[in-house]
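Novice: Please see the structure below; I have some questions.
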Amino acid sequence: GAVVSQHPSWVICKSGTSVKIECRSLDFQATTMFWYRQFPKQSLMLMATSNEGSKATYEQGVEKDKFLINHASLTLSTLTVTSAHPEDSSFYICSARAFAGGIGELFFGEGSRLTVL
Amino acid sequence: RKEVEQDPGPFNVPEGATVAFNCTYSNSASQSFFWYRQDCRKEPKLLMSVYSSGNEDGRFTAQLNRASQYISLLIRDSKLSDSATYLCVVTYTGNQFYFGTGTSLTVIP
C-alpha cells in the first residue's frame, strides 16, 4: 500500500533555532500534502495544505511566516518551524491522499515529535 | 458547529465486550467516510472505509446513515489490543478532510 515517510521522528532543539521536517510519499505522487499538529491528548489540527509547485494554504490562526512549507516535488513536502519556541513543542504529522479503488484514502507519516528547550 | 463531532469518551470496557462509537457530520454533501485508529504517540492509520451499504471487517462493522448524517463503528469481542483512539474522518470534494476529536477506548482485562 501507499506509504508516507516523515523525517526526523524526534528532534530536540534550542529556542530560537529553526527545524525542518520532511514528508515523502514513497510509492505514489502527491500533488497535495497536509500538515497537522497534535498536542498531548488533543485531536489532530490541520495547519496547512501543501500544494506542489504553488503556495501552501494555511488554516486560520497558523502563522505562515513561522511555519514555512515547501512542496518542491510531487513526492516531497517540507515544514520548517522557524525561530522555534517551547510552545511549538508538539507532534507534527503529514499526510497525503492516495487513490485506490476510487476512494481517496489518507496516509499519514510517522510523525515528528518536536521538543523546544 | 463543528464539521465532525465525536464523543471523546473515554470508553472503558471489559475484554470481550461489544462497544460502539458514533460520529456525526454537518455537511450533507460529504462524500467519503473513514475510521482511523491512532495509538498513543503514533500516527493515525486507516482502520476501515465506510461504505453506504455498511461494511464489516472481522470484528469491526462500520455503518453510514446519510439521512441522519452519522457514521458508526462497532467493535465486537473487544481485545486488549483494541485500546486506542478512534478517529472519524469525513471528506468533501477535492481535498477537504475533516477529523473528529477522536474517541478514546480502553479495553480492560
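Novice: Every residue in the stretch A:70-96 that is assigned to a strand (DSSP E or B), open to solvent by less than 30 Å² (accessible area, probe 1.4 Å) and touching a residue at least 40 places away in the same chain (Cβ under 8 Å), please. Explain how you work it out, then say what you get.
Specialist: Quick first cut of the stretch A:70-96, residues assigned to a strand (DSSP E or B) only: A:70-73, A:76-81, A:90-96.
If we keep only those that are open to solvent by less than 30 Å² (accessible area, probe 1.4 Å) too, we end up with A:71, A:77-81, A:90-96.
Answer for the stretch A:70-96, where residues must be assigned to a strand (DSSP E or B), open to solvent by less than 30 Å² (accessible area, probe 1.4 Å) and touching a residue at least 40 places away in the same chain (Cβ under 8 Å): A:77, A:78, A:79, A:80, A:81, A:90, A:91, A:92, A:93, A:94, A:95, A:96.
Novice: Residue check, residue A:110 against (1) surrounded by 18 or more Cβ atoms within 10 Å (Cβ to Cβ); (2) within 14 Å of chain B (Cβ to nearest Cβ); (3) not in a strand (DSSP E or B), all met but one. Which one?
Specialist: Unmet condition: (1).
Novice: Hand me the list of strands (runs of 3 or more DSSP E) wholly inside the stretch B:1-76 holding 1 or more residues that are in contact with a Gly (Cβ under 6 Å, 6 or more places away or on another chain) and free of Cβ contacts under 8 Å to residues at least 40 places away in the same chain.
Specialist: Those strands (runs of 3 or more DSSP E) span B:60-65.
Novice: Tell me which residues, restricted to the stretch A:15-44, are modelled with pLDDT under 95, part of a loop (DSSP other than H, G, I, E, B) and at negative phi.
Specialist: Listed by number, the residues that qualify are A:26, A:27, A:28, A:29, A:30, A:31, A:39, A:40, A:42, A:43, A:44.
Novice: In the stretch B:26-43, what residues are touching a Lys or Arg at 6+ places or on another chain (Cβ under 9 Å) and either at pLDDT 90 or above or over 20 Å from residue A:108 (Cβ atoms) (or both)?
Specialist: Residues satisfying the conditions are B:26, B:28, B:30, B:36, B:37, B:38, B:39.
Novice: Output the number of the condition that residue A:116 fails; it satisfies all remaining conditions of (1) under 30 Å from residue B:50 (Cα atoms); (2) surrounded by 18 or more Cβ atoms within 10 Å (Cβ to Cβ).
Specialist: Status for residue A:116: all satisfied but (1).
The values are calculated or read from the model by the stated rules, or taken from the named source; none is laboratory data. As the structure is a computational prediction, the values presented were derived from the model and not from experiment. Positions of Cβ are generated from backbone atoms using ideal geometry, with glycine treated the same way; all protein chains shown enter the neighbour counts. SASA here: full protein model, heavy atoms, side chains in, ligands and nucleic acids out. Shrake-Rupley method; radii C 1.70, N 1.55, O 1.52, S 1.80 Å.
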